[in-house]
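Shown next, in structure tokens, is the structure this report addresses.
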Amino acid sequence: MSPQKKHFRPRIATVWLAGCSGCHMSFLDLDEWLFDLAEIADVVFSPIADVKEYPENVDAVLVEGAVANEDNLELIRKVRARTKILVAFGDCAVTGNVTALRNPLGGPEVFLERAYVQEADTQPGIPRDHSVVPELLPRVLPLHQVVKVDAYLRGCPPSPAAIRDLLLSALGGEKEKE
Amino acid sequence: MKVTTLTINGELVSASPGATVLEAARENGIRIPTLCALEGLSTVGACRLCLVEVKGSPRLQPACVTAADEGMEVSTDTDRLRRYRSMILELLFAERNHVCPVCVANGHCELQDRARQAGMDHVRLPYQHPDLPVDITHARFGVDHNRCILCTRCIRVCDELEGAHTWDLAGRGTNARVITDLNQPWGDAVSCTSCGKCAEACPTGAIFKQGSTVGEMEHRSDRIRFISAARARKEWSP
Ligand code: SF4
Ligand code: SF4
Ligand code: FES
């Protein structure tokens with residue numbers, strides 16, 4: 001990295017898999033510190049930014065949520081391949097948490113039937129078009145059972161301060177490598 | 001009676017006669033992590049979290065059920081022990097459904113505390129996600145088998161301090177469950193006096209007071225210690 005020594009700006013991203021978005025809300029609760037973050041790093045992909053494709057050469061990513069469906073699986077593999085430091089961001093990413101509460105009930109059919117047929121007010125029927133509802137995996141998995149995870153940030157959601165500290169240490173580590 | 005002299009982590013310490021290694025350590029301010037042990041109840045060595053190394057023995061020994069012997073050389077905090085403790089904790093988390101953010105005991109749970117102290121940040125083993133029941137047939141209490149770690153504190157406190165013996169253990173291995181009165185719903189268990197000692201003794205969110213929601217169940221296991229000391233030694237101050 002020595003040619004860009006003075007201009008090194010870490011590229012960070014946040015990703016939202018199967019979670020309630022609470023971890024991202026906690027990230028947004030960093031309020032004005034987000035301006036400080038923008039001073040020292042580029043946010044190159046996030047559900048709160050309008051970027052469609054996960055880019056190459058990302059330095060650090062916070063991944064919220066468990067891996068519950070085929071879309072999550074495809075995205076997390078891409079994220080892993082294109083990122084240096086992958087952080088399991090919050091309890092759903094770390095343990096499966098509430099997202100994995102469907103696992104003891106059996107396969108996805110039981111659960112789709114419950115949501116789209118038994119509890120339906122109008123037009124009961126399971127949506128079979130996977131561009132509408134992605135195909136569910138047989139079991140909801142925490143990130144580390146699918147890809148290599150470099151750091152774990154517990155909490156449901158993690159506190160804004162914990163997110164800031166982790167980002168600073170991840171970025172600090174990258175800076176030292178300059 | 002003569003005190004016992006032994007070495008813990010390289011330091012010469014003395015223990016009261018008949019003390020276990022765990023008691024000897026505590027008398028000398030040395031912390032050994034435990035889960036199934038509860039002061040005031042008998043010890044069973046169920047959780048294995050208190051494992052220590054004893055010089056001359058290739059096997060690790062559970063401190064709560066091992067007598068402190070004269071001249072014994074004990075280590076309580078080696079890399080090997082830390083590895084085993086993390087593994088035991090991860091096994092407990094993987095075995096049933098501990099979903100802390102929606103648990104009645106979140107923030108007041110001994111399993112959570114031990115995991116935090118051990119620096120556990122994730123569970124390497126695959127979660128088993130068994131389908132387990134919650135029994136809320138009792139008027140005042142409930143039992144959620146998803147959170148039970150089979151420490152048997154409820155069984156011991158009910159038998160030894162209340163004298164009711166409502167609780168027992170049924171099944172083996174992953175089928176093991178705590179049961180009330182010959183496996184009847186708790187609400188139908190005629191032996192239960194509704195004293196609430198099991199709810200105070202339980203280390204996790206498994207036994208709770210009805211009406212507690214997330215993080216509201218604070219167990220008072222110190223009350224068990226108090227009742228036992230009051231009865232055995234007439235010590236009436238907590
Ligand atoms: S019993 Fe403890 S470890 Fe288990 S879910 Fe509840 S808070 Fe978490
Ligand atoms: S219900 Fe609680 S006290 Fe009883 S064995 Fe399970 S974890 Fe231990
Ligand atoms: S505390 Fe000794 S085995 Fe559980």
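The values are calculated or read from the model by the stated rules, or taken from the named source; none is laboratory data. Keep in mind that this is a model prediction, so the values were computed, not measured. Methodologically, a virtual Cβ is constructed for each residue, glycine included, from the backbone with ideal geometry; neighbour enumeration extends over all protein chains shown. Protein only, heavy atoms only, side chains kept; ligands, DNA and RNA dropped before computing areas. Shrake-Rupley method; radii C 1.70, N 1.55, O 1.52, S 1.80 Å.
The charge dipole of chain B, taken about the Cα centre with unit charges on the Cβ atoms of Lys, Arg (+1) and Asp, Glu (-1), comes to about 160 debye, rounded to the nearest 20.
The residue among B:THR66, B:THR34, B:ILE88 whose Cα reaches farthest toward the positive pole of the charge dipole of segment B:14-91, with charges on the beta-carbon of Lys, Arg, Asp and Glu, is B:ILE88. Note on the protein assembly as shown: with neighbouring protein chains present and a 1.4 Å probe, carbon and sulfur make up 52 percent of its accessible heavy-atom surface.
In the context of the full set of protein chains, residues of segment B:4-77 present 46 Å² of accessible surface per residue (probe radius 1.4 Å, heavy atoms only).
Other protein chain C-beta atoms within 10 Å of residue C-beta, averaged over B:116-122: 3. If you take the alpha carbon atoms of the protein assembly as shown and fit the smallest convex hull around them, that volume is 198 Å³ per residue. Dividing the summed helix terms, -39500 (n - 2.57) for each DSSP H run of n ≥ 4, by the number of residues in chain A produces a 222 nm estimate of -9000 deg cm²/dmol to the nearest 500. When all protein chains stay in place and ligands, DNA and RNA are ignored, the 1.4 Å accessible-area order of B:ARG153, B:ARG220, largest first, is B:ARG220, B:ARG153. When the helices of chain B are scored as -39500 (n - 2.57) per DSSP H run of n ≥ 4 and the total is divided over every residue, the value at 222 nm lands at -6500 deg cm²/dmol.
For chain B, the square roots a ≥ b ≥ c of the C-alpha gyration tensor eigenvalues yield an a/c of 1.5 or more together with a/b not exceeding b/c, which makes the shape oblate.
Express as a percent, rounded to the nearest 5, the fraction of DSSP beta bridges in chain A (both residues included) that run antiparallel.
On the way: 3 of 20 bridges.
So the antiparallel bridges amount to about 15 percent of the total.
When the chymotrypsin sites (Phe, Trp or Tyr not before Pro) in segment A:1-104 are filtered for DSSP coil states and for at most 12 other beta-carbon atoms within 10 Å of their beta-carbon, no site remains. Within the full protein context, the accessible area of B:LYS55 is estimated at about 150 Å² for a probe radius of 1.4 Å.
Neighbouring Cβ atoms from other chains, within 10 Å of the Cβ of residues in A:91-103, number 4 on average. Accessible area per residue (1.4 Å probe, heavy atoms of protein chains only) ranks B:VAL102, A:VAL140, A:VAL132 as A:VAL132, B:VAL102, A:VAL140, with the largest value leading. I want to verify a result. In a Gaussian network model of chain A, Cα cutoff 10 Å, which of these has the top mean-square fluctuation: A:HIS144, A:HIS24, A:HIS130? With Cα springs under 10 Å in chain A, the top fluctuation among A:HIS144, A:HIS24, A:HIS130 is at A:HIS130. Positive end of the charge dipole of chain A (Lys, Arg +1 and Asp, Glu -1 on Cβ, about the Cα centre): tell me which of A:LEU37, A:ALA49, A:ILE126 has its Cα farthest that way. Of A:LEU37, A:ALA49, A:ILE126, it is A:LEU37.
Derived scalar couplings between HN and Hα for segment B:79-95 equal 4, 4, 5, 4, 4, 5, 4, 4, 5, 4, 5, 5, 4, 5, 5, 7, 6 Hz in order, rounded to whole Hz, by the Karplus curve 6.51 cos²θ - 1.76 cosθ + 1.60 (θ = phi - 60°), x for Gly and Pro. Computed about its Cα centre, the charge dipole of the protein assembly as shown is approximately 1080 debye, with only Lys, Arg, Asp and Glu carrying charge at their Cβ.
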